[in-house]
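The values are calculated or read from the model by the stated rules, or taken from the named source; none is laboratory data. Predicted, not measured: the structure shown is a model, and the values here were computed from it. Cβ coordinates were reconstructed from backbone atoms using ideal geometry, including for glycine residues, and neighbour counts include every protein chain displayed. Ligands, DNA and RNA are stripped out before the accessible areas are found, and what is left, the full protein with its side chains, is counted by its heavy atoms. Shrake-Rupley method; radii C 1.70, N 1.55, O 1.52, S 1.80 Å.
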Amino acid sequence: MEKVVLVTGANSGIGLALCERLLTEDSQLLLCLACRNMKRAEDARSALLTSHINAHIDLLHLDVGSVQSVLAAAQELKARYNRIDFLYLNAGIMPNPQVDVKALFKGLFSRNVINMFATAEGLLTQQDRLNSDGLQEVFATNLFGHFLLIRELEPLLCPGGQTSRIVWTSSSNARRSAFSIEDIQHRNGMEPYSSSKYASDMLSLALNRHKNSQGLFSSVICPGLVMTNLTYGILPSFFWTLIMPIMWLIRIFTNTFTLTPYNGAEALHWLFVQNSESLDPRAKYHSLTSGLGKNYTQPQQMDIDEQMSEILYSKLLELEKVVRKKQSEGNVDK
Ligand SMILES: NC(=O)C1=CN([C@@H]2O[C@H](COP(=O)(O)OP(=O)(O)OC[C@H]3O[C@@H](n4cnc5c(N)ncnc54)[C@H](OP(=O)(O)O)[C@@H]3O)[C@@H](O)[C@H]2O)C=CC1
Ligand SMILES: CC(C)=CCC[C@@H](C)[C@H]1CC[C@H]2C3=C(CC[C@]12C)[C@@]1(C)CCC(=O)[C@@H](C)[C@@H]1CC3
């Protein structure tokens with residue numbers, strides 16, 4: 001039976017590279033590209049079809065940052081498919097990033113330099129805003145929209161007698177100290193990206209606890225530092241051009257500088273070919289590239305508190321109720 005695979009944020013960067021790799025791995029795949037911009041989705045589909053002429057590629061309009069769009073997309077998916085084998089939750093944003101140049105230079109001459117290049121700890125802040133649903137945009141896009149999608153797709157993800165898999169594109173930038181259980185949307189801080197990725201790590205653990213018995217397994221990965229639209233948005237383009245040779249040089253010494261989307265998608269692809277029983281729910285699977293350019297995947301234990309992940313899960317369920325109520329009231333008003 002052909003596998004049904006859905007990828008969010010599939011039209012560029014790591015998501016698009018993943019699609020390319022999945023089609024090479026399994027030509028029978030039924031691949032669905034879930035994107036917020038249909039022109040970009042069409043272009044991605046055409047690009048994939050040039051190297052995989054007979055591939056079965058569907059498109060779906062999905063803005064994960066919008067409650068209404070997630071609910072409509074889920075309805076459409078339930079009409080189209082009777083199960084989903086793999087759900088890759090890859091769409092993500094890092095709006096208005098600011099690099100702390102002083103901390104960068106200080107870090108360059110410290111013993112922490114390798115960790116700084118791997119995680120950007122202490123280097124990055126972002127300016128977030130409220131979206132039209134009244135949610136913080138980074139939280140809504142990177143975490144909550146995906147949570148709502150999972151909840152809506154439960155009938156397709158837990159069909160009974162079969163296993164399904166969820167894979168989150170998280171980050172090594174996910175940090176416990178950037179997250180507060182009192183402020184899960186990160187309304188009050190300057191590191192919404194780090195907070196949202198830490199929340200996705202915790203949610204994955206909670207999902208495993210609640211859903212493994214129904215055949216649903218969740219994992220998280222970090223693609224390493226990859227040059228994509230997201231990273232190009234962090235510094236002016238002339239600066240990237242200037243430091244690109246340095247980046248490739250650093251790559252010889254740090255395996256986390258995967259740099260290309262193909263390399264960054266390594267752990268996502270690796271998980272596709274693993275059995276669900278062999279997965280560790282507490283591990284983050286890292287895409288790594290050696291100095292000689294060899295790709296591999298390595299698990300690393302996550303710094304997660306079981307109890308806090310359970311509280312986060314309950315808070316997300318509560319928020320789900322609130323947004324659903326708001327949504328149905330909005331529909332009645334129309
Ligand atoms: N690049 C890196 O070094 C790292 C990236 N990551 C994570 O990898 C994932 C992919 O990012 P990357 O490939 O780097 O960057 P890209 O910007 O190339 O890809 C992000 C994708 O997400 C889509 N997207 C953004 N917002 C929404 C939305 N509201 N609804 C639907 N789709 C949306 C984008 O669509 P559109 O083209 O329309 O904007 C795009 O297809 C992200 O989750 C990111 O956090 C993690 C660690 C490191
Ligand atoms: C090479 C020199 C001299 C400067 C570049 C410095 C930073 C711009 C760069 C250092 C570490 C990078 C990094 C990311 C972005 C760019 C850096 C801050 C990420 C935060 C990108 C998104 C992620 O999710 C992380 C895993 C990356 C971690 C490292």
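General observations
Residues are listed down the side, and each one gets a yes or a no for (1) within 20 Å of N212 (Cα to Cα); (2) at pLDDT 95 or above:
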position: P281; (1), (2): yes, yes
position: Y296; (1), (2): no, yes
position: Y313; (1), (2): yes, yes
position: K326; (1), (2): no, no
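- F144 in a helix (DSSP H, G or I) and modelled with pLDDT of 95 or more: yes
- Within this structure, S171 fails the test of being part of a loop (DSSP other than H, G, I, E, B) and away from ligand 1 (no atom under 11 Å from the Cβ).
- Within region 231-262, the set of residues being within 7 Å of ligand 2 (Cβ to nearest atom) and either over 21 Å from the mean Cα position of the chain (by Cα) or open to solvent by 60 Å² or more (accessible area, probe 1.4 Å) (or both) comprises L235, I243, I246, M247, I250.
- Tabulated pairs, region 34-47, first within 12 Å of T8 (Cβ to Cβ), second of a type in the set (D, E) and more than 16 Å from ligand 2 (Cβ to nearest atom), C-beta under 8 angstrom, 6+ apart or interchain: R36/D63
- Inside region 95-130, residues that are under 17 Å from R175 (Cβ atoms), without any contact (Cβ under 8 Å) to a residue 40 or more places away in the chain and more than 8 Å from ligand 2 (Cβ to nearest atom) make up a count of 7.
- Meets criteria (of a type in the set (G, A, S), over 23 Å from S66 (Cβ atoms), out of contact with any Asp or Glu (no Cβ under 7 Å at 6 or more places or on another chain) and in contact (Cβ under 8 Å) with a residue 40 or more places away in the chain) for A17: yes
- Which listed residue, of Q28, Q68, is polar (S, T, N, Q) and touching a strand residue (DSSP E or B) at 6+ places or on another chain (Cβ under 9 Å): Q28
- For V220: the one exception among (1) under 19 Å from Y88 (Cβ atoms); (2) of a type in the set (A, V, I, L, M, F, W, C); (3) part of a helix (DSSP H, G or I): (3)
- Hits in region 181-226 - residues which are open to solvent by 20 Å² or more (accessible area, probe 1.4 Å) and among the hydrophobic types (A, V, I, L, M, F, W, C): I181, I184, M190, F217, L225
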